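Asks: So that we are looking at the same thing, I have put the structure below in structure tokens.
The values are calculated or read from the model by the stated rules, or taken from the named source; none is laboratory data. This is a predicted model, so every value here is computed, not measured. When we count neighbours, we look across all protein chains shown, and the Cβ atoms used for this are built from the backbone with ideal geometry, even at glycine. SASA here: full protein model, heavy atoms, side chains in, ligands and nucleic acids out. Shrake-Rupley method; radii C 1.70, N 1.55, O 1.52, S 1.80 Å.
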Amino acid sequence: QVQLVESGGGLVQAGGSLRLSCAASGSIISIVAMGWYRQAPGKQRELVAVITSGGSTNYADSVKGRFTISRGNAKNTVYLQMNSLKPEDTAVYYCNAEKVWTGILRVSDYWGQGTQVTVSS
């Protein structure tokens, strides 16, 4: 079984910074991409940023220039550095591992449980 463990959420004032971490564990052969999504109250879950195994990145327009996604030295870890935070960034942030191969013909997507990020004005 694959597990994603997130950390780093919290309460911060507007203009501040937070760093989210996510570590995937289990019988993992490879992961195609890891990313962060967020869901604010009453809204749909949306992509924040994603990074592929090859290092390519993609960001939501609303966070470009403020957030940076990166992969850690430890295998299957990903970080989200969030700077210049705004109240509209307030949401539950979820780590996602896309196309996780755990065996021949065994591939699935996995989600973390989420971490709350609250930005006060």
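Asks: Taking just the alpha-carbon atoms of the range 1-89, what radius of gyration and Dmax come out, in angstrom?
Replies: 13.4, 40
Asks: Ok, one more. Count neighbours as other Cβ atoms within 10 Å of each site's Cβ, and list the trypsin sites (Lys or Arg not before Pro) in the range 1-104 that are DSSP loop with at most 14 such neighbours.
Replies: On the way: sites: R19, R38, K43, R45, K64, R66, R71, K75, K99; in loops: K43, R45, K64, R66, K75.
Filter output for the range 1-104: K43, K64, K75.
Asks: Post the alpha-carbon centroid distance, the range 11-61 to the range 85-115, in whole angstrom.
Replies: Each part reduced to its Cα centre gives a spacing of 7 Å.
Asks: Compute the signed sum of charges (Lys and Arg +1, Asp and Glu -1) over the other residues within less than 12 Å, Cβ to Cβ, of S30.
Replies: +2
Asks: Right, next: Please give the length that would be gained between N83 and S25 if that part of the chain were fully extended, namely 0.36 nm times their separation in residues minus their C-alpha to C-alpha distance (nm, one decimal).
Replies: Stretched out fully, the N83 to S25 stretch lengthens by 18.1 nm.
Asks: Suppose all protein chains stay in the model; what accessible area per residue would a 1.4 Å probe give for the chain, in Å²?
Replies: On the way: 6590 Å² over 121 residues.
Counting only protein heavy atoms, the per-residue value for the chain is 55 Å².
Asks: For the range 100-117, just list the computed ³J(HN,Hα) in residue order, Karplus coefficients 6.51, -1.76 and 1.60, θ = phi - 60°, integers in Hz, with x standing in for Gly and Pro.
Replies: Rounded to whole hertz, the list is 8, 8, 10, x, 4, 6, 10, 9, 8, 9, 9, 10, x, 7, x, 9, 7, 10.
Asks: Order L20, L105, most accessible first, counting only protein heavy atoms with a 1.4 angstrom probe.
Replies: L105, L20
Asks: Residue by residue through the range 17-31, what is 3J(HN,Hα) from phi via Karplus (6.51 cos²θ - 1.76 cosθ + 1.60, θ = phi - 60°)? Round to whole Hz and write x for glycine and proline.
Replies: 10, 9, 10, 9, 10, 9, 10, 9, 9, x, 7, 9, 8, 7, 10
Asks: Ignoring ligands, DNA and RNA, what percent of the accessible area of the range 76-121 is carbon or sulfur (1.4 Å)?
Replies: 50 percent
Asks: Taking 25 Å as R0, compute the FRET efficiency from the Cβ-Cβ separation of V107 and Q44 and round it to 0.05.
Replies: Result of the calculation: an efficiency of 0.50.
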